[in-house]
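The values are calculated or read from the model by the stated rules, or taken from the named source; none is laboratory data. All values derive from a computational prediction rather than experimental measurement. As a convention, Cβ positions derive from the backbone with ideal geometry for all residues, glycine included, and neighbour counts pool all protein chains shown.
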Amino acid sequence: MVPQKKDILSPVILFSIFMVLCICIIIAGYFFYSYEHNRILSQRKIELSAISILKSDQIVQWRKEKLSFPRSVREGKPFIGQIKSYLENTADKDLENKVAQRLESYREIGGYQNIILCDLSGRQVLSVGKATGDFTSDIGGEIKKCSKNLEINFLDIHRNANSGDIHIQILVPITLDVDNKVDPIAVLIFGIDPADFLYPLIQIWPTPSPSSETLLVRREGNEVVYLNELRHKKNTALKLRYSLERTEFPAVRAVLGHQGVLGGVDYRGEKVISAVRKIPGSGWYITAKTDLKELEEPLKARLLLIVIIVIIMISLFGLGLSYLWVTQKNNWLKQMYEYEVKQKALTKNLEYITKYANDVIFLADENFKLVFANEKASEIYGYTHEELMNMGIKELRAPEVKERVSIDMQEAEKHGGIVMETLHKKKDGTIFPIESSTRTIVIDDKKYHQGIIRDISERKKQEKEKVDLQNQLIQSEKMSAIGQLAAGVAHEINNPMTSILGFTQLLLRVHKDGDTEYEKLKKIETSSQRCKDIVQQLLIYSRTKGSEIQPVDIHKMIDAVLVLTKNHLKIMNVTVVKEYADNLLHVAAPQQLEQVFMNIISNARDAMPSGGRLIIQTQMENGKIVVKFTDTGEGISRENLGKIFTPFYTTKKAGQGTGLGLSIVKTLLASMQGDIKVESEVGRGSTFILILPAE
């Protein structure tokens, strides 16, 4: 393009650009600050959520651990016997010491504050550990309730009415099984001091923070109660409470059913960001919070940095635009000289390329009529130059792709160019493949389509030969591997199976039909014969051994296979529906056709792990016997449909399939001039269609 003097920007335009850039930089700085603000808040929200989840999981695990010992005590029959004996004779000091020692060991290992043995009236009989004062006024009713419903009761955090101590208690009913009747004999109370582990667990914050803390709360009527000691306010456990109308508190919103990250104010009136969660299996809620002003503290330094960067960028742009204005005139003069030199060189080069190019070069107007074509076009298509100038691009296309010219040119214009493969036609009618690089250009405000076309007939031929060779090599390797496998199986299994089958048949002569042993031997004979048949099928697939063809009643063979698979189908809750055609001809098939049905039915069963229906249909079509197996199972994805007949390909888990079943089926059917087709959709089941020659 010829350099224009008008392309030199005036000082007014440069100043306008400078002002626009300044505004853009300031706006960018503002958005960057907003982005950093949101990013930091989002990051801290994620941290708060992670901390609340961690604390919740730790509390759930702590509750499980505290319940493990009470459950083991309840299941210890020898110890329950000692408790019963002691309750019957509390004056027996030796027995009292044994029971106390056992309770003390439970207390020390489980980390309990104390363990108290009560009778069914709630009276304390024996205790170990730290005394907590009279408890009957607090939980006497719970003890009686526990002895009636015979269930372990994890009491919530509460304060002893007499001592003022805060603790948690687990009530465990001790029962005795007499004449198949469970009777309560006592109640064990496992006391837990929250200050030993629960409160420290809640108060620990994983990272340094001057304001962050974790709160444990629960709902009591129309109030939220704080269960632990607070970081910024002392002596608050079970004392600090707020009305549920104070929804600005995240703790209040937590007990009202809200979960996730919330904003609000805390008990000090400070704005906070909180992550709230309900602790599973309890009436507790956990709130992890941090002051909003602490979260925004890092933004002050970032704001100062952004201001400095904005000032520097504005200064640099000002200097850059000034330098641009000074150097534009010199650059314009230099460009004019270089343009003239290049134009002369390009003109000579273009003439040479167009004349001697190995590819067809053409130019067509917006109506796709040719306005230029090089000599190679006449050589390839067989038309004279004059004939080409009276033709359009469509006339060079093969009939089947002629109507795509408009679509292809629109794509070239849309994307600035397009490289594609299509079919063209020579003057003598020969169809040949080409590769075309096409783009839309504008000359003197008129739109033209420029293209470079290459004959790729030889390349396509080589590609096809390469693919064919690769497929032949792959098939050869597969068949070699299967042949080795079949030979090994025949050597290692076929001979032992022959011996087993022979000895079984000898034993069948000794026993009579109806004997218990006779039925077992018949099953052994049937299974041994199946193993031998499988070996025979492997040999057939690898084409190392022939198989005798004989007329077979399809219905009887299918029924025989269904008898063998009856138990498995019943276990998998699969219902078989038979829709047999009347007067169906026999099929000329090898004995291994039974294994074909066995493989198809087994695959259908495995595709319905939760049960379903297997519909078996037979019919005559065009002189062929057609057998359809339709299941209501999981179906086969479209990408896997083309692979299921490949040897050793399987979608089953390791150890659940060899990947040979369907490949053997296809090989056997092919050997008897049959075929198999599959229709399937994921989630809607599959239909395997067997086409067999009629006898």
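Apart from one condition, residue 199 fits all of (1) among the aromatic types (Phe, Trp, Tyr); (2) free of Cβ contacts under 8 Å to residues at least 40 places away in the same chain; (3) closer than 21 Å to residue 73 by Cβ; the exception is (3).
Select from segment 448-464 the residues that are in contact with an Asp or Glu (Cβ under 7 Å, 6 or more places away or on another chain) and either within 19 Å of residue 378 (Cα to Cα) or surrounded by fewer than 14 Cβ atoms within 10 Å (Cβ to Cβ) (or both) and list them in ascending order. Passing the criteria: 452, 453, 454, 456.
Please verify whether segment 175-195 includes one or more residues that are part of a loop (DSSP other than H, G, I, E, B), within 43 Å of the chain's Cα centre (by Cα) and of a type in the set (S, T, N, Q). Among the residues of segment 175-195, not one is part of a loop (DSSP other than H, G, I, E, B), within 43 Å of the chain's Cα centre (by Cα) and of a type in the set (S, T, N, Q), which makes the answer no.
Regarding residue 406, is this residue of a type in the set (S, T, N, Q) and in a strand (DSSP E or B)? Judged against the criteria, residue 406 is not a match. Looking across 83, 53, 17, one residue alone is surrounded by fewer than 17 Cβ atoms within 10 Å (Cβ to Cβ), modelled with pLDDT of 85 or more and assigned by the TED database to the domain that holds residue 302. It is 53. Report yes if some residue within segment 197-207 is within 26 Å of residue 108 (Cβ to Cβ), of a type in the set (Val, Ile, Thr) and in a strand (DSSP E or B); otherwise report no. Checking segment 197-207: not a single residue is within 26 Å of residue 108 (Cβ to Cβ), of a type in the set (Val, Ile, Thr) and in a strand (DSSP E or B).
Assess whether residue 636 counts as being at pLDDT 85 or above, out of contact with any Lys or Arg (no Cβ under 6 Å at 6 or more places or on another chain), in a loop (DSSP other than H, G, I, E, B) and surrounded by 19 or more Cβ atoms within 10 Å (Cβ to Cβ). Yes, satisfied.
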